[in-house]
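Data block below; observations after.
The values are calculated or read from the model by the stated rules, or taken from the named source; none is laboratory data. Here the structure is a predicted model, which is why all the values come from computation and not from measurement. A quick note on method: Cβ atoms are made from the backbone with ideal geometry, for glycine too, and the neighbour counts reach across all protein chains shown.
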Amino acid sequence: MNIKKIHWAHLTAVIILVGYFLLSKIMIVYALSLKNLFYSFLALYLFGAFFGVCLLNILSHKKFFFIGREIEKEEMKKEKRLLNKHLHHGKIAATFIIGVIGGPVFSAITTRILLNNFSFKYLVILFSNVFATLITMGAVSGFIRLVNIR
């Protein structure tokens, strides 16, 4: 790989991803150790929302996907005919489902690819993160209760 093609946006994305993957394990343990369920949810939600929005912001940088401009130009030609007739409901639903199942990292990547010019793309990440947090809390707390059976 040519070192001149590495931009600060690439290094920032790596730092965000490494930070998310390291801190997410600590955050899950911390959130589940809290006595109040609302605070547990809020801690995990804000953590995931922060990293999801940060990652989408870096992925949306024009230097991050240098080949992305060519793909977007071709996609815009194909979509221009349909944009006036239909909204992006299918893309929003796909991004939402992937965000719920995959968490904020996959949600940011999918939003960048599918909803690049959508004005409410950050809201899609924040809304899907609510359900992803609920699933994470339910799965982890259920697993802990299963292991702690005496």
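Data table
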quantity	calculated
Residue in segment 35-50 that is over 26 Å from Thr12 (Cβ atoms), modelled with pLDDT under 90 and charged (D, E, K, R) present	yes
Top-ranked residue in segment 51-62 [being hydrophobic (A, V, I, L, M, F, W, C) and at pLDDT 85 or above; ranked as surrounded by the fewest Cβ atoms within 10 Å (Cβ to Cβ)]	Val53
Segment 110-141, residues that are under 16 Å from Leu42 (Cα atoms), aliphatic (A, V, I, L, M) and free of Cβ contacts under 8 Å to residues at least 60 places away in the same chain	Ile135
Selected residue (criterion: surrounded by the most Cβ atoms within 10 Å (Cβ to Cβ)) from residues of segment 101-136 that are farther than 14 Å from Val53 by Cα and modelled with pLDDT of 85 or more	Ala132
Pair list, Cβ under 7 Å, 6 or more apart: segment 48-71 residue farther than 14 Å from Asn129 by Cα and part of a helix (DSSP H, G or I), other residue small (Gly, Ala, Ser) and at pLDDT 65 or above	Ile58/Ala9; Ile58/Ala13; Leu59/Ala13; Leu59/Ala108
Test: residue in segment 7-20 that is assigned to a helix (DSSP H, G or I), in contact with a Pro (Cβ under 8 Å, 6 or more places away or on another chain), closer than 20 Å to Ala108 by Cα and at pLDDT 80 or above	yes
